[in-house]
Amino acid sequence: MAKAKVQTDKTPVELLTKKQAQAEHARLQTEIAGHDKRYYQQDRPSVSDAEYDALRKRYNAIEERFPELRTFESLSLKVGAAPSGKFKKVRHAVPMLSLDNAFAEQDVIDFVGRIRRFLKLADDEEIAFSAEPKIDGLSMSLRYEDGALVTAATRGDGAEGEDVTANIRTLHDVPQQLKGRNIPKVTEVRGEVYMTKADFLKLNERQKAAGEQPFANPRNSAAGSLRQKDPSITASRPLGFFAYAWGEISGEMPADTQTGMIKWFEHCGFTTNPLTKMCRSVEELIAFHRKIEEQRSHLDYDIDGVVYKVDRLDWQERLGFISRTPRWGIAHKFPAERATTVLKDIEIQVGRTGALTPVGKLEPVGVGGVIVQNVTLHNEDYIKGIGGKGEVLREGRDIRIGDTVIVQRAGDVIPQVVDVVIENRKKGSEPYLFPTKCPCHLHTKVVREETATGEEGSRARCTGEFACPFQKIQHLMLFVSRRAFDIEGLGEKQIELFYQEGWVKEPADIFTLEARNKALKLEEIEGYGETSVKNLFGAINERREIGLDRFIYALGIRHVGETTALALARGYGSWEAFHDACLKVAKGDEETIAEMDALDQIGETVIAAVAAYFGESHNRGIVERLTKQVKILDAEKPKKDSAIAGKTVVFTGALEKMTRDEAKAQAERLGAKAAGSVSKKTDYVVAGPGAGSKLTEAKKHNVTVLTEDEWLKLIS
Ligand code: IVH
């Protein structure tokens with residue numbers, strides 16, 4: 001992703017010529033649209049909220065000075081970004097609009113002044129406001145018909161959002177049925193879905209443990225959790241909901257003030273924000289802002305400002321909207337929390353999956369009420385200032401030990417380095433050299449992972465696998481898991497305990513536990529007894545024989561999941577053949593690499609992972625000791641004497657008697673190779689109805705084309 005160019009320090013808008021304004025307006029439009037897309041559709045913002053707001057503010061100011069620049073495409077007429085297309089679209093009965101922002105106290109004074117003038121109120125006439133924290137989550141519209149939840153939709157572009165009903169139904173704060181009597185026929189309740197900071201941290205731990213990219217902040221993790229195709233994933237990630245607004249409400253309104261509506265939401269069964277307060281003057285609004293800002297870092301959820309809304313709904317109606325924001329409400333934002341300090345050191349942390357993360361050790365500094373001592377530096381590229389995940393870092397900066405750095409907590413729980421004070425950089429300071437060896441005691445090789453597209457990724461990983469102490473527990477857990485050795489009674493808790501006690505350091509140790517138990521005396525551990533220990537040993541002994549595919553999967557080679565393990569097992573048939581090939585691949589033997597590459601579903605990524613794994617002497621030792629303990633059963637061998645043994649076949653079009661996967665598996669069992677594309681090496685193309693380009697290719701290469709029935713006859 002390109003680095004964000006945030007240019008807010010340019011010529012003041014008042015001094016721009018029309019030509020300059022035009023160019024600046026167009027540039028900002030593209031830039032803001034890019035940020036919107038990353039924020040709303042990809043849940044990966046590349047600038048802080050404060051920087052984004054500054055861009056928007058400048059954009060709006062240009063349009064205010066040169067109204068002729070405001071076109072149909074103008075961003076000031078749009079909210080957010082169009083839906084991403086993953087979910088069904090929902091048109092909002094009442095558009096979901098946005099709020100204008102206030103940054104300085106003067107902006108709040110102006111806001112109240114505008115309202116007073118518009119309503120022609122006397123200077124001493126009191127205006128009551130509902131003052132609410134501005135929750136940094138995702139806005140959501142919940143439609144109830146006859147009191148029952150029928151649709152939940154995201155904001156999308158304000159006019160059309162995404163249907164996330166199934167996912168929203170998993171939230172405790174969202175009632176399926178509204179409580180109380182006289183519920184309107186149609187009731188649309190709007191509010192914010194959010195994740196608490198504590199749950200966000202827990203989720204990121206899990207993400208890291210699973211080798212997944214952690215989320216940048218609670219807002220993104222809430223968005224990511226909500227955009228799941230499988231609602232059970234959303235259900236496993238706790239999300240909250242605060243109700244604070246509404247869309248369509250049929251018939252008579254249940255209250256005549258904003259605060260009255262909030263009370264009504266509570267009666268209906270919603271959670272509303274407890275910090276909401278009625279304020280009756282500009283002074284009270286500003287005092288509220290100050291008080292909430294003080295509490296901000298102690299709250300369990302992220303907020304990025306406070307919102308003021310005229311309390312009387314009849315006044316709200318009279319005030320109405322200016323383009324896409326109400327005259328009756330404003331968001332008074334908090335400035336980004338920043339501080340300057342010295343980067344004392346860079347420490348490399350190794351996660352349980354072997355990912356290396358550089359952590360900046362700071363001279364402790366207070367940022368928005370929290371003492372910050374560590375910052376994430378993400379990865380090597382971020383430190384070098386060349387992009388990757390480092391969009392928040394000012395362009396062209398690299399980070400060095402001893403540098404004076406500016407750290408920021410802008411809605412993010414994890415502080416980040418956003419800039420380096422170059423003037424303070426010590427003479428003779430050297431760019432940071434990212435380690436090429438793991439900090440574990442084995443000093444195993446560190447490689448940069450490939451991305452899905454095969455390019456070099458930014459994440460560095462230790463190749464130590466089982467041998468690296470940071471990764472051992474993770475590997476042991478995979479080893480005993482259901483799809484691998486499936487040892488009953490050996491779960492996460494037991495592995496953690498056995499590892500910490502030093503009883504099980506590697507897989508082979510599991511199989512020697514019983515023999516060592518005279519000295520270990522597992523039955524004396526709290527919660528264990530004679531019977532459970534006997535059962536455990538029984539379960540272990542039951543697994544002394546294992547199929548080759550499960551065994552390969554249990555080794556925990558990167559990129560070798562169940563399917564790949566099965567493909568390798570089928571390809572080689574026996575452990576001896578597979579092991580021999582792996583050792584040769586690790587030595588770079590081209591013929592063996594080509595053979596492995598020729599196997600269906602095996603490509604460069606897997607081969608590189610196999611080479612890295614078996615290239616490590618520690619891994620080889622672990623595997624060798626393990627194989628002495630277990631008997632590995634040969635894989636179901638492809639039949640050599642079938643009519644299609646050694647042939648390459650491609651399936652295309654619809655098959656009627658079996659699925660394409662079944663047909664492929666059957667072909668492989670009979671010794672054929674099922675390929676994905678047609679080449680001159682293809683022996684048969686089995687074409688069903690709807691076959692397209694593969695059939696054309698077959699004709700081009702003179703390949704025998706069979707119908708499904710002809711194929712079945714051939715293999716019968
Ligand atoms: S009222 C017409 N109240 O801030 C706008 N919004 O820029 C009605 N937000 O889209 C929105 N807390 O996602 C309102 N207490 C609150 C809010 C709040 C957070 C978000 C919401 C909205 C955005 C406004």
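Quick notes
- Enumeration of residues in region 246-259 that are under 13 Å from Thr276 (Cα atoms) and of a type in the set (A, V, I, L, M, F, W, C): none
Let's see how each residue does on (1) in a loop (DSSP other than H, G, I, E, B); (2) within 16 Å of the ligand (Cβ to nearest atom); (3) not basic (Lys, Arg):
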position	(1), (2), (3)
Asp157	yes, yes, yes
Asp173	yes, yes, yes
Arg181	yes, no, no
Pro184	yes, no, yes
Glu188	no, yes, yes
Glu192	no, yes, yes
Ala198	no, no, yes
Lys202	no, no, no
Glu205	no, no, yes
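- Within region 242-254, residues that are more than 9 Å from the ligand (Cβ to nearest atom) sit with their Cβ atoms under 7 Å from residues that are polar (S, T, N, Q) and assigned to a strand (DSSP E or B), at 6+ positions apart or across chains, in these pairs: Gly247/Ser141; Ile249/Thr187.
- Residue within region 699-708 that is in contact (Cβ under 8 Å) with a residue 24 or more places away in the chain, over 11 Å from Val649 (Cβ atoms) and among the acidic types (Asp, Glu) present: yes
- Tally, over region 682-693, of residues that are at pLDDT below 85 and open to solvent by 40 Å² or more (accessible area, probe 1.4 Å): 3
- Leading residue by the ranking (farthest from the ligand (Cβ to nearest atom)) among those in region 268-304 that are open to solvent by 80 Å² or more (accessible area, probe 1.4 Å) and either over 35 Å from the mean Cα position of the chain (by Cα) or charged (D, E, K, R) (or both): Glu283
- Cβ pairs under 7 Å, 6+ apart, first in region 181-197 and farther than 27 Å from Ala223 by Cβ, second away from the ligand (no atom under 15 Å from the Cβ) and open to solvent by less than 10 Å² (accessible area, probe 1.4 Å): Ile183/Gly147
- If you go through region 551-565 and keep only what is closer than 17 Å to Glu604 by Cα and either touching a Ser or Thr at 6+ places or on another chain (Cβ under 8 Å) or not charged (D, E, K, R) (or both), you end up with Ile557, His559, Val560, Gly561, Thr563, Thr564, Ala565.
- Scan of region 267-312 for residues that are closer than 30 Å to Gly147 by Cα and free of Cβ contacts under 8 Å to residues at least 12 places away in the same chain, ordered by number: Pro274
- Residue that is farthest from Ala663 (Cα to Cα), among those in region 696-716 that are in a helix (DSSP H, G or I) and open to solvent by less than 40 Å² (accessible area, probe 1.4 Å): Ala698
- Some residue of region 69-87 being within 35 Å of the chain's Cα centre (by Cα), within 15 Å of the ligand (Cβ to nearest atom), at pLDDT 90 or above and farther than 24 Å from Ala336 by Cα: no
- You will find that of Lys534, Lys521, the residue that is without any contact (Cβ under 8 Å) to a residue 24 or more places away in the chain and on the phi > 0 side of the Ramachandran plot is Lys521 and no other.
- Filtered residues of region 88-131 (kept if among the acidic types (Asp, Glu), more than 16 Å from the ligand (Cβ to nearest atom) and part of a helix (DSSP H, G or I)): Glu105, Asp110
- Of all residues in region 101-115, those that are open to solvent by 10 Å² or more (accessible area, probe 1.4 Å) have Cβ atoms under 6 Å from Cβ atoms of residues that are of a type in the set (D, E, K, R) and assigned to a helix (DSSP H, G or I), 6 or more apart or on another chain, in Asn101/Asp53.
- Selection count, region 538-558, where residues are buried (at least 16 other Cβ atoms within 10 Å of the Cβ) and not aliphatic (A, V, I, L, M): 8
- Each residue in region 313-359 was checked for being within 16 Å of the ligand (Cβ to nearest atom) and either on the phi < 0 side of the Ramachandran plot or modelled with pLDDT of 90 or more (or both), and 20 pass.
The values are calculated or read from the model by the stated rules, or taken from the named source; none is laboratory data. Not measured: the values here are computed from a predicted model. Here the Cβ is made from the backbone with ideal geometry for all residues, glycine too, and neighbour counts use every protein chain on show. SASA here: full protein model, heavy atoms, side chains in, ligands and nucleic acids out. Shrake-Rupley method; radii C 1.70, N 1.55, O 1.52, S 1.80 Å.
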